[in-house]
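What follows is one structure encoded as structure tokens, with my remarks underneath.
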Amino acid sequence: MQLIKHDLNIDFVGKFKMFAIISTIAVLAGIILMVVIGPNYGVDFKGGTEIQLKVEGIDIAGVRAALSDFDGVEIQQFEGRNDEFTIKLPSIALADAKEVDRYIDEVGKAFPETALIKKHFNVEVGDRIELWFDKPVEKEKIAEMVKQYNIPVTGQLDYNQVGDRHIYKLLLKSFTSTVIAAVEQKSGSKAEIQRVELVGPKVGAKLRTDTFMAIIYTLIAMLIYIALRFNLQSAPGAIIALFHDTMITLGFLVVFRVTFDLTIVAALLTMVGYSINDTVVVYDRIRENQNNTKKGNTLLEKINTSINETLSRTIITSAMTFIVVFTLLMLGGDIIWGFAFTMCVGIVVGTYSSIFIASPITAVIDKYMKKEQAT
Amino acid sequence: MEKNWTMRAWFILSLIIVAVVLLLPSFMDREKYPWLSKINEGLNLGLDLKGGIHFVLSVDVEKAVQDRVDRQTDEIVKRLEEEKIPFTSVKADPVDPKVRIVINAESDADKFRDKVVDYFRTFRKTAQTGLTYELTMREDYIQNLKESSVDQAIETLRTRIDALGLKEPIIVKQGTNSILIQLPGYKDVERARSIIGQTAQLEFKIVAEDKDPLSAHADGMPAGITLQQGRGQTSDGGMVSYLYAVSENKEALLEWLKDKAPEGTEFLLEELIKAEGKKEYMSWLVERKAYLTGDMLTDARVDVDQQRNRPYVSLSFDRNGARIFEEVTGKFIKRKMAIVLDNRVNSAPVIQSKIAGGNAMITLNSMSDFNTTLAEAKDLSLVLRAGSLPAPVTFEENRTVGPSLGADSIEKGKISIAAGLLVVVLAMIIYYGFSGFIADLALVLNVLFIMAFMAAFGATLTFPGIAGIVLTMGMAVDANVLINERIREELRNGHSFLTAFELGYERAFSAIFDSNLTTAIAGFFLWNFGSGTVKGFAITLLVGIASSMFTAIYVTKVIFHFTMKAGVKKISV
């Protein structure tokens, strides 16, 4: 069986202008979407709490009502599973830092004879408030005072003494337990925790930079490899194609509000790998046809022949890979959905770019360089 | 030449057998056939597939800094005494990492600067008023100390968790002072908590029986706390008696004892378990100075006291520890030595004689049955061997990931792998005919090899990992598509089938190699930077690339060869 005729001779390079305009518009759209709207960062990158609960006797409106006190709460439900909810909260600490500060100030004033030598409240963690005094103080008073503030304490107050330090630790309720209690109260049945993810804001920011760097390193490494295995003129085409693929795919992710987490990064990097795969196969053919006059007289013609010769392979392979990822998208379930979606878009865009963008750019660069030499 | 092909066939066949054997433990009941565990422990499933425990701990780095300042303060005192510089006081600041030193004579100022201030590189002089010097710990040193205490905590935790016999635990630093621990498949939350959370700071301190601060408070005792008479000996054989406090309420007792310890000593509690299972706490007044600590241990193991049939933990000290132990037991003969574990007195035996050889024991104060005590002893020796945490840790989150979610994911993964495989297999046969079928065989082998590799090396299969396998299937097919397209092309160029076949493999190779290598570059960076689940994906991707090169090129060529040898003149491509 044969789908693509072997004697095809489409003038891809000649039509480059048209595709360049289409692609430029798409890439610009991607960049604008990324900058103006931005991706829907998941807890991995944004920081916050994500809790997946299984609880009966409540619908999504009920959960929303139960959690109406929490600022910025987002509730999602998966298709076909009516008793499961994903609850996303923008922070990981339940206590408001300002409220805690006010409380600590008051405590300091409440014991004029004693110096409050240190206070400790870690927003990243938010599990406790520590008060350090130089002399022991009334424990009950500390516990009593906190009730006047909107601080979710567990009621446990630890004391220990290290040298001249008298350390009082007020333990705070965690987000998870408070959220679960609220949902359980509303539904009247026990909630089963399926999954909890907590990422502090600093960790999220660090992951973001790390990821960005990983992508940059990958691109640089690929660029070096192509420049070494092929030639310097080829590298820019490949890298422009990769940038092109990444930006357009990111644009799609923004439009479809796909949760941008570490798995999506994995998908993006794999997609980049695939796209360069296609490009490399064409480059390989150009390299082979370089000294063969039958395949065209100018480099431009040779590039065109090479794209045509490998077209069948490019389309068959892309179709096969697409089928695989598409099955994942359809059957893989919601955890893998974002991954499969990214790959689906990426494969289509990547195939397009390796045919219409990467190699023609090499031809254009070559033409330009020749002109420079002539003048 | 022919011999060469036969060898190749045997090589492939033996690889298949090895792969199947490696996969047996993953698909057969290991409980029923224990010999399977000798091969490997089966495929490791990640937390997302298997369920398990997820902890986030924060390390109290401030406490580590304080401890270091306190210890350095002792060092400064020692140094002053060695250099014979008379001083009034050396005190650590209760909050800041500072030490204040008051020396006696102006004439010692230069000597003090040269021999003490310059000697302690971790400090710098920040203030001086007359004879009072303030030394502050250097900022970069503190930063270092904080970082290293988190790293050290991770190391210790890893040793402890390894001793639990868990596979593929994830222990990573999160943020500046948090540690993330994931124990896939582990269900015993309480045991994990106690083993991970224990600071396991072991200290040997001398009981200060010569001091009796509590008798002054004998009147007006609060309810629930009683005073009792204790007796002891001094090193020169004299008898002393003192009062100690007992209560069932630990907090109340600590509260009451607060501020009652004389300079240089502190109150610690011992937990006593009474017959009815009730706990009681008694106070011990001990000298603040810890003569020996857990880091001088070389070993801790469980032994059984034959006479009383009770398990205990026996300790061995290193050379330095053994020397100190001998010295201390010699110096404090007839007195009591408190063995303190995480600020709690474990026991306080009387030193009967000078002990050489560097062995000591910890008894377990438990009323539980033999097996429970044995389990406790084992866990204690485990944490002592692994070493103490450099600072206490607090649990920020401990959660179990429900296994039902995992089962659901596995089910969906299986379905999508099967469906993807089926569609690709059919498409290849429809498009390429018999050679498509051969490529399909290679594809199935590829999946087999990836799984076998993961089982053999204990790599963790995560849900993204399953996705990785599905993706590799697409890539394995690519190599065969490249070869087959090339054979078609060479046939069109007028070559005979055999030549076209040879040329197809030869000329497609560079494209396959270069394209796979660029994908491997992406895989390598993912593996390097990724956390848990993403790493799992990268591993399957990398293994898949390597294995697909082998199956798609080498294996299919061998199959082609034998098909043609069997008399088939032309294979549909």
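Some values worked out for this structure:
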quantity	calculated
Residue in region A:57-74 that is within 24 Å of residue A:205 (Cβ to Cβ), part of a strand (DSSP E or B) and outside the structural domain of residue A:303 (by TED's automatic domain parsing) present	yes
Conditions (1) away from chain B (no Cβ under 12 Å); (2) surrounded by 22 or more Cβ atoms within 10 Å (Cβ to Cβ); (3) farther than 27 Å from residue A:6 by Cα; (4) of a type outside the set (A, V, I, L, M, F, W, C): number failed by residue A:332	(1)
Lone qualifier among B:559, B:487 - being modelled with pLDDT of 90 or more and buried (at least 24 other Cβ atoms within 10 Å of the Cβ)	B:487
Single residue of B:548, B:515 found to be under 17 Å from residue A:321 (Cβ atoms), within 39 Å of the chain's Cα centre (by Cα) and modelled with pLDDT of 90 or more	B:548
Boolean, residue A:198 is at pLDDT 85 or above and within 12 Å of another protein chain (Cβ to nearest Cβ)	no
In region B:63-95, the residues that are under 22 Å from residue B:389 (Cα atoms) and in contact with a helix residue (DSSP H, G or I) (Cβ under 8 Å, 6 or more places away or on another chain)	B:64, B:65, B:68
Enumeration of residues in region A:207-259 that are β-branched (Val, Ile, Thr), closer than 13 Å to residue A:283 by Cβ and either within 11 Å of another protein chain (Cβ to nearest Cβ) or touching a residue at least 24 places away in the same chain (Cβ under 8 Å) (or both)	A:226
Any chance residue B:262 is in contact with a helix residue (DSSP H, G or I) (Cβ under 7 Å, 6 or more places away or on another chain), within 30 Å of residue B:321 (Cα to Cα) and assigned to a loop (DSSP other than H, G, I, E, B)	yes
Those strands (runs of 3 or more DSSP E) lying entirely in region B:316-428 with at least 1 residues away from chain A (no Cβ under 14 Å) and modelled with pLDDT of 80 or more	B:337-341, B:344-347, B:359-363
Qualifying positions in region B:480-531 - within 9 Å of chain A (Cβ to nearest Cβ) and more than 28 Å from residue A:224 (Cβ to Cβ)	B:484, B:485, B:488, B:489, B:492
Residue identified as under 29 Å from the mean Cα position of the chain (by Cα), within 25 Å of residue B:484 (Cβ to Cβ) and more than 8 Å from chain B (Cβ to nearest Cβ) among A:341, A:326	A:326
Hits in region A:42-68 (condition: in contact with a Ser or Thr (Cβ under 8 Å, 6 or more places away or on another chain) and among the hydroxyl-bearing types (Ser, Thr, Tyr))	A:49
One residue from B:197, B:237, B:232 being loosely packed, with under 13 Cβ neighbours inside 10 Å and small (Gly, Ala, Ser)	B:237
Condition met for residue A:298 (more than 19 Å from residue B:423 (Cα to Cα), more than 8 Å from every other protein chain (Cβ to nearest Cβ) and touching a helix residue (DSSP H, G or I) at 6+ places or on another chain (Cβ under 8 Å))	no
Residue tally, condition outside any loop (DSSP other than H, G, I, E, B) and over 17 Å from the mean Cα position of the chain (by Cα), over region A:1-49	15
Residue within region A:45-60 that is farther than 25 Å from residue A:181 by Cα and within 13 Å of chain B (Cβ to nearest Cβ) present	yes
Members of region B:42-76 found to be surrounded by fewer than 16 Cβ atoms within 10 Å (Cβ to Cβ) and either aliphatic (A, V, I, L, M) or touching a residue at least 60 places away in the same chain (Cβ under 8 Å) (or both), listed by number	B:74
Output for region A:95-124, where each listed residue is touching a Pro at 6+ places or on another chain (Cβ under 9 Å) and at pLDDT 70 or above	A:114
Flag if residue A:247 is surrounded by 24 or more Cβ atoms within 10 Å (Cβ to Cβ), in contact with a helix residue (DSSP H, G or I) (Cβ under 7 Å, 6 or more places away or on another chain) and not acidic (Asp, Glu)	no
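The values are calculated or read from the model by the stated rules, or taken from the named source; none is laboratory data. Values in this document were obtained by computation on a predicted structure and should not be read as measured data. So basically every Cβ, Gly included, is an ideal-geometry build from the backbone, and we count neighbours across all protein chains shown.
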